[in-house]
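Derivation of every value follows stated rules applied to the coordinates shown; laboratory data play no part. Everything quoted here is computed from the prediction, not taken from an experiment.
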């Protein structure tokens, strides 16, 4: 009975994190972007500095009419947001927050599990693009799929480099084995992983699949109301997951001063800092062209990650 | 594998882990279903033929729903499949290569493997499939 309660609590915790953290990131993005651009951002909703802007947005989305175009493939069109969103919820359960089993659920091959499940999210965009029966959506969907090819490989290779360093695929195991000099040792891999992750999330400067000035809003052009909101939620949940994963793999997760009592705080702080960087990059860089992303991935990121694997292998064999 | 034995864990633990993951998936499906169902109660339904029209910047859609796209994506997908299948083999190797009894020779094998990947990538690069312009 105690076991059941434990599992139920974990499930609730994961769902709450999944619903709250993306909203925090979204609100931060509103305010940070605004101040970087010399604006104030939302100031009205909720009274204090527009803190309830995203809640108000959610209420608005829920009341909007749900339009499925007459030509669309109805079932696939309606299911696509769920397929895009749920993988990030699944991933959250495997990400360790603090020492001594402070994790939703320890998954033995956690690293593989996380990378595999994150890849499924792209299917949602592809389904949306294909089922909308709209030229812009189709172009956006195919760009998304092409982007998958570009970033997935550097991500896998740099994650393999971390697995080599730690000698395990379990995410808590990787953080357990962390030493401070891992960060400089794996620095190239970390940068490659983070960059590839940005491309997975279709965040600027890699937002060609939703490029509003070229193809309206890519695969999501035909969506309104709640389903559109779920796609947006998926993007921000993706930011949380990517930043948390980068923290766990490359920045030592809960390690830091007083990690015994405040370990979980370190994980959250590092994740929040990375999320800030994601927002910062959006404000700073213009969008790349589709072919420039492919070129960047295949001629820069992949050679760099192969070099990182070589470096990790040599250092690891020398010191052991 | 050896760690599992050391900690005295069994297949029961192993399946317990993944059943919790399965429960998360169930929670997720429930969440989405509740969201869609409550959305149905909250929103108006006033369809008109104009609303259901495919969006094409405000004018009536021209032609069908197909669009020309880059055939080069096809080459990338081939490259990707080859590399991704290779990359997956890295993971089991990564967990044991520094263990006692492996060491240097295993690392050399890995460099041969990486060499193959690099040569394949260089070949594709030389053939010009990685650049469009």
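List of remarks:
- With contributions of -39500 (n - 2.57) from each DSSP H run of at least four residues, the per-residue ellipticity at 222 nm computed over chain A stands at -23500 deg cm²/dmol.
- Distance from the alpha carbon centroid of region A:125-165 to that of region A:189-258 works out to 12 angstrom.
- Cα centroids of region A:46-91 and region B:63-121: 36 Å apart.
- Alpha-carbon spread of chain A, three principal axes, descending order, Å: 63, 49, 46
- Ratio Rg/Rh [Cα only; Rh per Kirkwood] for region B:68-133: 1.14
- Principal axis dimensions, region A:139-227 - Cα atoms, whole angstrom, descending: 47, 26, 19
- Whole-Å distance, taken between Cα centres, linking region A:261-315 and region B:16-43: 31 Å
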